[in-house]
């Protein structure tokens, strides 16, 4: 069934009129379908990846090989979600900006990068369906202090796993 706004009532959680291909940094969280812990487990404050987790990690690292103008910041694969920082780098010089109009390919915006990552992980894990929940959480990182706090949160996430909002005791 195709999307029908009268039936499905989907509302975007993205900022209207914001260019999600613009240079800047984004904090991303992507959750597994039904919060299933398919990527491994936390043991003594350390994330131990299983084969699915290794696939999720490798595909995230591989993102920079598939897309131009992005760098990966701190990230972690957790049992039922992943957190990461994506940095969009403006590769055009000032001279380039003056001689040709600025155009960001739809394949290099945040949404398409996340869609590609989710699709690739699901395909390589091979369960026949997406291992991810629909959509993702993003936060536009606006300054260095915020960037540093988010990095610290990502690094410490396994240590504080049982206090995490994504933690589900099974």
Across segment 131-142, which residue is nearest to the chain's Cα centre (by Cα) among those that are crowded, with 18+ Cβ neighbours inside 10 Å and within 16 Å of residue 74 (Cβ to Cβ)?
138
Only one residue in 55, 7, 13 is modelled with pLDDT of 95 or more and either more than 21 Å from residue 150 (Cα to Cα) or within 19 Å of the chain's Cα centre (by Cα) (or both), so which one is that?
55
Here are some conditions: (1) surrounded by 12 or more Cβ atoms within 10 Å (Cβ to Cβ); (2) in a loop (DSSP other than H, G, I, E, B); (3) modelled with pLDDT under 90. Residue 102 meets all but one. Which one does it not meet?
(1)
For residues in segment 58-93 being assigned to a loop (DSSP other than H, G, I, E, B) and under 16 Å from residue 22 (Cβ atoms), which is modelled with the lowest pLDDT?
92
Selected residue (criterion: nearest to the chain's Cα centre (by Cα)) from residues of segment 143-159 that are assigned to a loop (DSSP other than H, G, I, E, B) and in contact (Cβ under 8 Å) with a residue 60 or more places away in the chain:
157
Within segment 39-52, can you find the residues that are touching a strand residue (DSSP E or B) at 6+ places or on another chain (Cβ under 7 Å) and either under 25 Å from residue 148 (Cβ atoms) or in a strand (DSSP E or B) (or both)?
40, 41, 47, 48, 49
Of all residues in segment 39-63, which are within 17 Å of residue 119 (Cβ to Cβ) and surrounded by 13 or more Cβ atoms within 10 Å (Cβ to Cβ)?
39, 52, 55, 56, 57, 58, 59, 60, 62, 63
Checking the condition in contact with a helix residue (DSSP H, G or I) (Cβ under 9 Å, 6 or more places away or on another chain) and either more than 25 Å from residue 58 (Cα to Cα) or at pLDDT below 95 (or both), which residue from 117, 167 passes?
167
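The values are calculated or read from the model by the stated rules, or taken from the named source; none is laboratory data. What you are looking at is a predicted structure, and each value in this text was computed from that prediction instead of being measured. Don't worry about glycine lacking a Cβ; one is built from the backbone with ideal geometry, like all the others, and counts go over all protein chains shown.
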